[in-house]
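To keep things clear, I will list the structure first and then write my remarks on it.
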């Protein structure tokens, strides 16, 4: 599972994408590797470990149940432009995900966001806060994670806006 984020530098390999979050779970060995990048702190944390019976975890089960409802190779980002009198139009303010799920030689993948599948956000939150995973010194390059996904023929997302930590923004004061 990859949650896309901005990159430090745009290249032909990353097409303007970086990784905010990367997770690899091996259900056969109960092993987990997560990598989370904190853009404003300019730091990256890698955690690894073993989580016994991870395939029975409620967050994993909820996410897999939702994966089954999405057709393979689909982009399921919801309609972020529609509105009715009851619902204002939504704008992007969340993470877009690439999820690949392999089981018994069968591989499925899709693109989605946290609005569409809330269980992805819950799974990501549970994994990053899991005390059984330990900090690791493994070095994983952002481009190594992202380039195989963004260069797929079915990849059609626009990159997130660039983020600079030096930009200071204060919203205007609202008059009463």
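The values are calculated or read from the model by the stated rules, or taken from the named source; none is laboratory data. Quick caveat: nothing in here was measured; it's all calculated off a predicted structure. So basically every Cβ, Gly included, is an ideal-geometry build from the backbone, and we count neighbours across all protein chains shown.
Annotations
- Of the residues making up region 89-104, those that are part of a loop (DSSP other than H, G, I, E, B) and either modelled with pLDDT of 80 or more or closer than 19 Å to residue 122 by Cβ (or both) number 3.
- Residue list for region 1-26, restricted to those being free of Cβ contacts under 8 Å to residues at least 60 places away in the same chain and either part of a strand (DSSP E or B) or under 19 Å from residue 126 (Cβ atoms) (or both): 24, 25, 26
- Looking across region 135-146 at every residue that is in contact with a strand residue (DSSP E or B) (Cβ under 9 Å, 6 or more places away or on another chain) and surrounded by 11 or more Cβ atoms within 10 Å (Cβ to Cβ), the one that is nearest to residue 31 (Cα to Cα) is identified as 136.
- Annotation: of all residues in region 108-134 being modelled with pLDDT of 80 or more and surrounded by fewer than 13 Cβ atoms within 10 Å (Cβ to Cβ), the one that is farthest from residue 35 (Cα to Cα) is 132.
- Residues located in region 75-86, provided they are loosely packed, with under 14 Cβ neighbours inside 10 Å and modelled with pLDDT of 50 or more: 86
- Pick from region 27-52, criterion out of contact with any helix residue (DSSP H, G or I) (no Cβ under 9 Å at 6 or more places or on another chain), surrounded by fewer than 15 Cβ atoms within 10 Å (Cβ to Cβ) and assigned to a strand (DSSP E or B), ranking: modelled with the lowest pLDDT: 38
- Yes/no for residue 60 being at pLDDT 80 or above, part of a helix (DSSP H, G or I), surrounded by 17 or more Cβ atoms within 10 Å (Cβ to Cβ) and more than 13 Å from the chain's Cα centre (by Cα): yes
- Residue count for region 107-145 under the criterion of being outside any loop (DSSP other than H, G, I, E, B), over 23 Å from residue 66 (Cβ atoms) and touching a residue at least 40 places away in the same chain (Cβ under 8 Å): the result is 4.
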